[in-house]
Amino acid sequence: MHLRPQSLAFTVLLGALAALPPLSIDMGLPALPLLERGLGAAPGQAALTLSLFLLGFAPPQLLMGPLSDRIGRRPVLLAGLAVYALAGLGCALAPSMGWLLVLRVLQGMGAAAGTVLAFAMVRDVFQGPLARIKLSSITMVFSVAPMIAPMLGGLMLRLGGWQAIYWLLGVTGALLLAVVVVALPETRPAAPGAGGLGLLARYETVLRQRRCVGHVATTALNFGTLFSFVACSPMVLMGDLGVSVTVFGALFAVTSFGILAGSWCNARLTRRGIDGEATMDSGLRLSLAAGVAASALLALGLLSLATLLPFVLAVSFCRGLVGPNAMHAVLEPVPEHAGAASALVGCAQTLMGGLAGAVVALLYPALGPLGMTLAMAMFAAAALLARRYAEGPGPGLMLARPGQ
């Protein structure tokens, strides 16, 4: 029996597919010290299980997206989930750190299929306000993953050691694979004129659309605004403010709660007929105001949880307002190339997260916590500029060929 696109189960399934990366990363955080002792690794080597997962996750999106536009969502998704499940089970049985790192790269490659195709499938079956509501609902579902993953990882650690974490990830992938096989139909619409296009031709078509290019940059830079805090949060919260590990975990979950709340509000506003463009603009402006206000307070020497946390919560709330609407703006003009467009967003956000981490790493030694909030403000301002570019006249990055 196939899931109906309008059903809650369909939304939860797509949200779970999109949540594989944060679940796979955050569940492993409590196990890093035990990994090194258990596998006899060098100090700091366990952290590579996170960075190599991301290395495997980012580039394959650029292949999987347009490939799914050409041959269908189901074959690519089934292959990705199979790789993810087998790699997760392999991680649990890894005899050495070297094998574990190789399998984590493969696990990241498998997770890429779920993230890219979840959003493309929304574009396949929904349009207009309904698509924005569904994108907001999926964002709400996968926002729960970073909130529960560290606690779940800690529980599995107590039950069966670090291997139990990877057993659970592997079983999760296998269960999702089974559900997709049984209940998720092919969603890619027939596109006779675009069916034979190659991968590069699909990207060329998307990149000629100014709205697509501008909104890819908008959502990626908005993600960089939030990730500027995420990347620097251990140093600021535990180092400068001296909070405990337990309190840090709770405060970190606040960012995910903010995204969840913003996505819920976005869905409510959409149902009330509020234009998504206006909601996105409001979120971008509020995000910039929060970054500037936090920087002003820190420049005055007023560093405390009371002067920092409300602004971080505001930025994460704005992420919930901006993300679904920007994704909708990217996907809406190119229904025949939704996989390629979704892949561009996913890869751009991953790269922007890395750039945000590099920026705060450069600013923090000289400016301390102020460097973090200044980075947040800079990325927020750049996101607003990208949004203005998206709404301007003219083509995108590639001019149309003669005769087109």
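The values are calculated or read from the model by the stated rules, or taken from the named source; none is laboratory data. Just so it is clear, the structure is predicted and the values come from calculations on it, not from any experiment. Here the Cβ positions follow ideal geometry from the backbone for every residue, glycine too, while neighbour counts run over all protein chains shown.
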*Just one of the numbered conditions (1) modelled with pLDDT under 95; (2) crowded, with 24+ Cβ neighbours inside 10 Å; (3) not basic (K, R) is not true of L355; which one?*
(2)
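State whether the residues of segment 234-256 include one that is among the aromatic types (F, W, Y) and modelled with pLDDT of 90 or more. Even if it seems obvious, please write down each step before you answer.
Taking segment 234-256 first, the residues among the aromatic types (F, W, Y) are 248, 252.
Still in the list and also modelled with pLDDT of 90 or more: none.
No; the residues of segment 234-256 include none that is among the aromatic types (F, W, Y) and modelled with pLDDT of 90 or more.
Return the total of residues in segment 42-94 being polar (S, T, N, Q) and either within 20 Å of A178 (Cα to Cα) or surrounded by fewer than 24 Cβ atoms within 10 Å (Cβ to Cβ) (or both).
Within segment 42-94, the subset polar (S, T, N, Q) is 45, 49, 51, 61, 68.
Those still in the list that are either within 20 Å of A178 (Cα to Cα) or surrounded by fewer than 24 Cβ atoms within 10 Å (Cβ to Cβ) (or both) too: 45, 51, 68.
Number satisfying all stated conditions: 3.
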*Restricting attention to segment 153-166, and to residues there that are surrounded by fewer than 17 Cβ atoms within 10 Å (Cβ to Cβ) and touching a residue at least 40 places away in the same chain (Cβ under 8 Å), which single residue is nearest to M121 (Cα to Cα)?*
G154
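Residues checked against (1) assigned to a helix (DSSP H, G or I); (2) among the aliphatic types (A, V, I, L, M); (3) surrounded by 24 or more Cβ atoms within 10 Å (Cβ to Cβ):
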site: A289; (1), (2), (3): yes, yes, no
site: V292; (1), (2), (3): yes, yes, no
site: G323; (1), (2), (3): yes, no, yes
site: A338; (1), (2), (3): yes, yes, yes
site: A361; (1), (2), (3): yes, yes, no
*Can you spot a residue in segment 67-78 that is closer than 27 Å to I133 by Cα, touching a residue at least 24 places away in the same chain (Cβ under 8 Å) and within 15 Å of the chain's Cα centre (by Cα)?*
no
